[in-house]
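What follows is a set of notes on a single structure, which appears directly below.
The values are calculated or read from the model by the stated rules, or taken from the named source; none is laboratory data. What you see is a predicted model; the values in this text were computed from it and never measured. Glycine gets a Cβ as well: all are built from the backbone with ideal geometry, and neighbour counts include every protein chain shown.
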């Protein structure tokens with residue numbers, strides 16, 4: 001497990017809309033499911049301890065954002081034979097374990113994750129109502145201990161977006177496990 005930090009990505013970049021399937025093969029179209037207020041996209045996976053530590057809190061922020069008409073989706077780019085715990089079947093286990101109510105999608109070609117500029121799991125993106133990148137960074141300031149969180153970066157970004165405020169700066173990169181890129185991981 002290589003600890004990585006998310007890349008610095010210029011705000012205002014437009015989302016390349018996508019169509020992916022969830023873990024049971026149901027098609028999901030980002031354009032059709034984009035919230036009137038925006039969309040959270042979280043690059044996650046099943047095996048990463050950094051992702052596992054925040055699933056519950058991400059679910060809470062997603063529920064909060066949904067009330068503001070901001071949708072949420074998680075995307076798993078680690079569909080790779082060397083990482084069977086990230087398989088779609090195990091994604092269903094994760095959905096059940098954490099009571100995830102938003103779509104958790106399979107990015108088997110890794111094209112969506114690459115188009116976003118994702119580097120690690122978790123890697124979190126918030127797009128405004130015009131599909132422009134408004135926030136890119138961590139969920140909060142304490143990935144491993146929910147009780148010690150003082151700064152809820154993503155929730156604050158959602159509130160600012162809803163209030164039509166300028167994007168918060170600075171934005172703190174997220175950190176986590178490296179994405180298991182198909183073209184760089186050998187069997």
Only one of 10, 14 is modelled with pLDDT under 95 and within 22 Å of residue 164 (Cα to Cα); which? 10
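Each row is one residue, and each column tells you yes or no for (1) outside any helix (DSSP H, G or I); (2) out of contact with any helix residue (DSSP H, G or I) (no Cβ under 7 Å at 6 or more places or on another chain).
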residue: 143; (1), (2): yes, no
residue: 156; (1), (2): no, yes
residue: 164; (1), (2): yes, yes
residue: 168; (1), (2): yes, no
residue: 173; (1), (2): yes, yes
residue: 177; (1), (2): yes, no
residue: 181; (1), (2): yes, yes
What are the residues in segment 87-99 that are more than 21 Å from residue 138 (Cβ to Cβ), within 17 Å of the chain's Cα centre (by Cα) and not in a loop (DSSP other than H, G, I, E, B), if any? 88, 91, 92, 95
With respect to residue 102, is the statement that it is under 12 Å from the mean Cα position of the chain (by Cα), closer than 17 Å to residue 43 by Cβ, modelled with pLDDT of 95 or more and part of a strand (DSSP E or B) true? no
Flag for residue 7 being at negative phi, assigned to a loop (DSSP other than H, G, I, E, B) and either free of Cβ contacts under 8 Å to residues at least 40 places away in the same chain or surrounded by 12 or more Cβ atoms within 10 Å (Cβ to Cβ) (or both): yes
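Take residue 57 and decide whether it is assigned to a helix (DSSP H, G or I) and closer than 24 Å to residue 161 by Cα. If you could, list the steps in order and put the result at the bottom.
Details: assigned to a helix (DSSP H, G or I): yes; closer than 24 Å to residue 161 by Cα: yes.
For residue 57, the condition - assigned to a helix (DSSP H, G or I) and closer than 24 Å to residue 161 by Cα - is met.
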